Structure formats: structure tokens, C-alpha cells
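Everything below concerns the one structure shown next.
The values are calculated or read from the model by the stated rules, or taken from the named source; none is laboratory data. Everything quoted here is computed from the prediction, not taken from an experiment. With ideal geometry, Cβ positions are generated from the backbone for all residues, glycine too; neighbour counts draw on all protein chains shown. All accessible areas refer to the heavy atoms of the entire protein, side chains included, with ligands and DNA or RNA removed. Shrake-Rupley method; radii C 1.70, N 1.55, O 1.52, S 1.80 Å.
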Amino acid sequence: MKGWIAFWNILLKDVRSYYLKPPNISWGLLFPLAWTAMFFIRSGLGFESIPAILPGVMGISVLFGTTSMLSVTVTFEKKGRSFERLLLAPIPLEVLMLAKTSGAILFGTANAFVPVVIAAFLTDLSGVDWAILTPAVVLIAVSSTFLGLFIAVAVKEVFEAQTFSNFFRFPMIFLCGLFIPLDRLPVFLRPLSYVLPLTYGADLMQGAVNHAARLPLFLDFALLALFCLGLFLASLRNIRRKWIL
Amino acid sequence: MDTGAAQAIEARGLSKRFDAVPAVDGISFTVRRGELFGFLGPNGAGKTTTINLLTGLARPDAGTIGINGVDCSTDPKAAQHLIGVVPDESNLYPELTGFENLCFCGALYGMRKNERRARAGELLGVFGLADAADRKFAGYSRGMKRRLAIAAGIIHEPPILFLDEPTTGIDVAGARQIRRLIADLHESGTTVFLTTHYIEEAERLCDRVAFIVAGRIVGIDTVERFIQPERDRHVMQVSCLNVPDGTLRELAEGFPDSRFQDLSGGVIRVEADSAVPVGSLVRFLEERGAEVTEARRMRPSLEDVFVRITGIEAAALRREKEKKGGGA
């Protein structure tokens, strides 16, 4: 019970201090809006092309929303030493880090549904399998957030967190099948795609929105969950090694 | 959680290295329940590393730590229930108000909403911050920040409190207020582990002190017992104008039972095992053309003990703390 009180209050504080701040709300709305408009105009097609680009835009919104927020906020608190206060609290490190990441997961998930709301006004989304899409988005948000955590633990400065995040994020836009199908990628790049968690998330979203998944959905879910677990455990290990000296 | 252990803190053979450099080198000490224990040493001596080890922020390379009988080296989270920590920098949340900061810290220790709100209100009153309760922490003065940090450290009423340089960088009035709060906490039965640059502060507050230099404890005892040998020595400071060259050598020849030291600025320190003959000393100086403006007996202090044991001049220590932003 005591752990949950701490968990809930850390989450609440982060949501109030970071995620509900006007610049972040505007970022969360404008960023997906800009991506949607950009890809829609670029496609040169009518509104009927929206479902084809929707999974990609959702994926980018989650990826950028979660990784940038988490890695920056954690690095910021670490630098200001307020993170020490959390490490000194008698709560297990797992609970602490889940509390710190939950805000980013919620923020990323909310970001993902901004393009969905926009698309709902422009095209027919009745064919979307929400039972697949919703957990897929949440899992993408979890894996991206844990990737952000992994980055946050690896760096010391806020600007390093941003730079290091981009090192992962930009290749993922092109390698994970968000906009370019994997079979159109050069053969030598394809193995790289399969070691990136977003590939499986993008496949799930393609399955849910366009019924065009390449892999069995259960396999996508299982691999994505495995990535989440792996990134979280690796981050915890690094925190124990680097922050609890 | 009361384990009934006699010692509040028990460190045995504690060592910690950073790369090849030993930060803490096989130190052992105990802090009794309800004791105010001072941990003194210059910058880089290993004070903060020791606190980090004792509070679970760092893992020892060797040795064991007991916090009220709980083994902190193997189960730091269990021990963290029993301790409050006030770091050397006020690391509360700038975007939260004083009241919100305290409530948040209470929540980290699992305190329920009503309980932590009541306790936060009480502490803001005790620490003289009730009027600033709804102001953002970022707008607090240094002294207010430090007082709120101490309040945050005791929000969950821990039996043991770690204070790392609590008055460094605080003005005189603020430092006095903080020292009074520490004394009150000690009086109420809290075990306090205090690190400080200010030797006079430790002398005034602490029951026992340990001196740490280059990661090793070079002395540990009660303040009273540390000072006792100093009381057997007689120390005077004589302030003069126009001291001719070679006076110190002449003094040493004229008063072979005394030791003389030029403290610069015309101040001569005289040390002897028996009473210093003030009259003949003043006459001796005046006959050589020096104008004696003041001669006073120095009360033996913990600073003298520190200088004797560590070989570090107290003035050097003061310079360090000034560099760090001290003013107390």
C-alpha cells in the first residue's frame, strides 16, 4: 500500500510538473497534427489515403512524445539532484521507475490518438480493429518510454539526451515499416528492422487499421512485450550500476 | 521499525573506491541512539561518500552498515524507512510550493493524504515557514530552502537524521536558526549524523565527533575528552604593531619554555605547558619597539584539536568553506 501511495504521487507530480504544462500540451497536439498534414499532402491522394498513413503517423507521435519527454525529465531531475530524493525513498527501484515512466506512457498514448481523432473527421475508420490498435499503441508507448529511460540512464546532460534520442528515433522512422514497407528496404537493412521494437508495433497497427500485418499478431505482441521487459530490466541494471555507485 | 539495536548506526570496515582512488578507506564507527554525532573533515575527505554509503545511495566495496540493527549493505530499502536525509544541496522541487514539497516527500514514505498534510502544516510552523507555505520553492531564500529541506528530511519522523553541511552557504542569522532546530531535534531524541566544515558548530552541537582525512578516521571521541588535553596547555594571542624583524627568534631565546608562532598581521601565538608570563612578555616586546595592543588567553577549542590531529590548518578549512559559499 505504501508503495502505491508513493507510485501514485510520483506519477501525479510528473503529470502536473511536466506533461500538463502548456508547451507540452501544444507539442502533443501540434506535432502529430503537423506529421499528419505533411504525409497527407506528400501522398498527393485524397482522404481515402489517410488509413494508409495513419499507423505511421501514430507511431511517430508515440515515439517522439515518449522518448523526448522521459529522457529529458529524468536527466533534468538527475542533474538537479532531486532524483536522489526518489532513490533515498524506501520504495523498490522497480516501482520508482514504473512511476517515473507511467507519465510518459500516458502522454505517448494520448499523443498517438491525436491523429486518430483528426482522421475520424476526414475518413471512415469503421474498419479499424480497436481491440488490437489500443493495446498495440500502449505497448509501443511502453517500449518507446523504456527506450527513453535507457537513454536517460546513459547520459548526463539534457542536450545529450536529445542527441542520443535522435540517434535512435530518426533511423526508426525509416527502418520500422512506418511509411516504407519492410520488403521495399534494401536487403542488408532488413535485419536491422527486426531488432527495433517499433517494427512489431507498426506491424500491429497496420494489422489493426489496414488488415495488412506481415507477421502473426500474437508474435508481434509477444516480441513487443519482450522488448519492453528487456529495455526495462536493462535500464534498471544500468541505474543500479551507474546511479547507485 | 524498531529492532531494539543499541546502536543507531554501526559501520564496520567500510571502504569505497572510485576508479583506483579510495574515497573511504576501511572506516569503523558507531553512533549511539539519540546521539548527535559530528563527522568532520576537509573537502574531499570522504564525508559525503560516507553519508551516501550509510543512506543507500552508494554501495560499499567492503564492510557492513547497520542502521538500527538493519543491514543497510544488503537491504538498503529496509533501512531507508528509518532514516531522513538532508543533502548538502537543497534538492527539493522548484516548481512545487513549500507545502506541496513536504506533502510529496511524505508520500514517498507512504504517508496517507491527511497524515502528510497535517504533518507538513505542523513542520512549516515549527520551521518558521508557515507564511511561505504557498510560495514556490524556487522563490525561497537559501536559508528558507535549507530549513524546508530539513523539514522534508523529518516529515516521516525518522529516528535517524543525516545532515550534510546544513549551514554551508547560509547567513549568520539563518545558520543560528538551523543550529537551534538541530539542537531541538536532538533534544527530542532523534539520532543526528552531522557533517560540517564548521568545527565550532560541531563543538557547540555534538556529543561526539570523528575526524576524517583522506578517507580514514584519524580521531573519534566526545568533544569534552578531545578538548581536555588542550586545557592543560596555555595559549595566548598577542597583537602588536611595529614588530621588528627577528622578534620571534628573540622571544624563543628569552622564553625557552614557550613556543611562538607568527600568525601574520602582527599577531603572535604563544603556547606553553604552564601559565604564560604576560607581564614580562609584554615588557620584552615593548623594549624591542613593538606596541602591544592586545593580549588574550585563548580558550581551548575543538579547532585546536582538529589542527593537532589532522595537521590541517583551520584557516585552510575556512578558506575551503568560503569557496563553497559559506558565510556562517
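Quick notes
- The value obtained for the range B:152-267, namely the Cα convex hull volume divided by the number of residues, is 175 Å³ per residue.
- Alpha-carbon centroids, the range A:162-215 and the range B:151-181: separation in whole Å: 54 Å
- Rounded to 10°, Cα long-axis angle of helix B:172-187 versus longest principal axis of chain B: 60 degrees
- Taking Cα atoms only, the orientation of helix A:158-175 departs from the longest principal axis of chain A by about 30 degrees.
- Listed residue (B:307, A:138, A:96) projecting farthest to the positive dipole end of the protein assembly as shown, Cβ model: A:138
- Cα-Cα over 23 Å, subset of B:113/B:136; B:77/B:145; A:242/B:136; A:156/B:145; A:156/B:113; A:78/B:77: B:77/B:145; A:242/B:136; A:156/B:145; A:156/B:113
- Counting only alpha carbon atoms, the long axis of helix B:314-323 and the longest principal axis of chain B meet at about 50°.
- Taking all Cα-Cα distances within the range A:18-103, those exceeding 20 Å account for 50%.
- Summing both sides, the accessible surface hidden between A and B at a 1.4 Å probe radius is close to 2700 Å².
- Accessible surface, chain A, averaged per residue in Å² (probe 1.4 Å): 44 Å²
- Report summary: the helix-based calculation at 222 nm, which adds -39500 (n - 2.57) for every DSSP H run with n ≥ 4 and divides by the residues of chain A, gives -26000 deg cm²/dmol.
- All C-alpha pair distances within the range B:71-220, sorted into 5 Å bins from zero, spread as 2, 9, 18, 21, 21, 14, 9, 4, 1, 0 percent across the bins.
- Inter-chain Cβ neighbour count for B:78-84, averaged per residue, equals 2 (cutoff 10 Å, partner chain atoms only).
- Using only side-chain charges placed at the Cβ, +1 for Lys and Arg and -1 for Asp and Glu, the dipole size of the range B:234-297 relative to its Cα centre rounds to 160 debye.
- When Rg and the Kirkwood Rh are both derived from Cα coordinates, the Rg/Rh ratio for the range A:2-242 amounts to 0.98.
- Probe 1.4 Å, accessible area per residue of the range B:10-169, Å²: 35 Å²
- Protection-proxy order for peptides B:197-210, A:195-208, each taking the mean of Cβ atoms within 10 Å per residue, highest first: A:195-208, B:197-210
- Structure-based [θ]222 nm, chain B - -39500 (n - 2.57) summed over DSSP H runs of at least 4, per residue, nearest 500: -10500 deg cm²/dmol
- For peptide A:87-94, the mean count of partner chain Cβ atoms within 10 Å of a residue's Cβ comes to 6.
- Percentage of interatomic Cα-Cα distances in the range B:234-297 larger than 16 Å: 34 percent
- Using equal-weight Cα scatterers in the Debye expression, the normalised intensity of chain B in log10 at q = 0.11, 0.15 Å⁻¹ is -0.77, -1.18.
- On the principal axes of its alpha carbon atoms, the protein assembly as shown extends 109, 52, 46 Å, with the longest extent given first.
- Sorted on the mean count of surrounding Cβ atoms within 10 Å across their residues, most packed first, peptides B:160-172, A:155-167 read B:160-172, A:155-167.
- Of B:271, B:187, B:250, the one that fluctuates the most in a GNM where chain B has Cα springs shorter than 10 Å: B:250
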